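Enquirer: Here you go, one structure.
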Amino acid sequence: MGSYNVNFSLGDVLSIITGDAGKMFGDQAQMTQAMWMGIAILMLISIVMVILSLTLNYTLNRWANIIAAIFWFGFNLLSLKGYPTYEKVLLIISMGFNILTIWYAWKWV
């Protein structure tokens with residue numbers, strides 16, 4: 001799950017460099033505290049997953065990884081629509097990591 005966070009951050013950096021960062025919610029949208037909080041929570045999920053992977057017992061760890069990866073896969077899938085090409089490539093790569101996470105967690109014995 002940590003690979004998603006790095007990939008997500010790379011997309012943010014590229015958005016700032018290209019000037020696309022302000023277009024995330026539309027040209028006229030004003031970022032609210034709730035939006036910033038939502039973005040912060042999304043970024044924290046991957047960081048928390050690293051800690052949970054080290055501390056949870058086998059069964060909870062397995063299901064936490066599967067559920068988080070399914071969530072991120074769906075989130076990425078929904079996000080593909082409105083982003084520029086470089087962001088879509090990063091999202092597709094992230095979806096690949098999500099599938100790998102689900103696959104490996106499912107096969108854990």
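Enquirer: When the stretch 45-65 is examined, which residues are found to be surrounded by fewer than 11 Cβ atoms within 10 Å (Cβ to Cβ) and either in contact (Cβ under 8 Å) with a residue 40 or more places away in the chain or not in a helix (DSSP H, G or I) (or both)?
Expert: Answer for the stretch 45-65, where residues must be surrounded by fewer than 11 Cβ atoms within 10 Å (Cβ to Cβ) and either in contact (Cβ under 8 Å) with a residue 40 or more places away in the chain or not in a helix (DSSP H, G or I) (or both): Asn57, Tyr58.
Enquirer: Among (1) over 12 Å from the mean Cα position of the chain (by Cα); (2) of a type in the set (Phe, Trp, Tyr); (3) in a helix (DSSP H, G or I), which single condition is Tyr83 missing?
Expert: Tyr83 satisfies all of (1) over 12 Å from the mean Cα position of the chain (by Cα); (2) of a type in the set (Phe, Trp, Tyr); (3) in a helix (DSSP H, G or I) except (3).
Enquirer: Right, another one. Any residue at all in the stretch 74-95 that's over 19 Å from Leu42 (Cα atoms) and either surrounded by 16 or more Cβ atoms within 10 Å (Cβ to Cβ) or out of contact with any helix residue (DSSP H, G or I) (no Cβ under 8 Å at 6 or more places or on another chain) (or both)?
Expert: There is at least one residue in the stretch 74-95 that is over 19 Å from Leu42 (Cα atoms) and either surrounded by 16 or more Cβ atoms within 10 Å (Cβ to Cβ) or out of contact with any helix residue (DSSP H, G or I) (no Cβ under 8 Å at 6 or more places or on another chain) (or both).
Enquirer: Follow-up question, since we're still on this one. Residue check: is Gly19 modelled with pLDDT under 85 and not aromatic (Phe, Trp, Tyr)?
Expert: For Gly19, the condition - modelled with pLDDT under 85 and not aromatic (Phe, Trp, Tyr) - is met.
The values are calculated or read from the model by the stated rules, or taken from the named source; none is laboratory data. Note that this is a predicted model, so its numbers are computed, not measured. Counting neighbours? That spans all protein chains shown, and the Cβs are built from the backbone with ideal geometry, glycine included.
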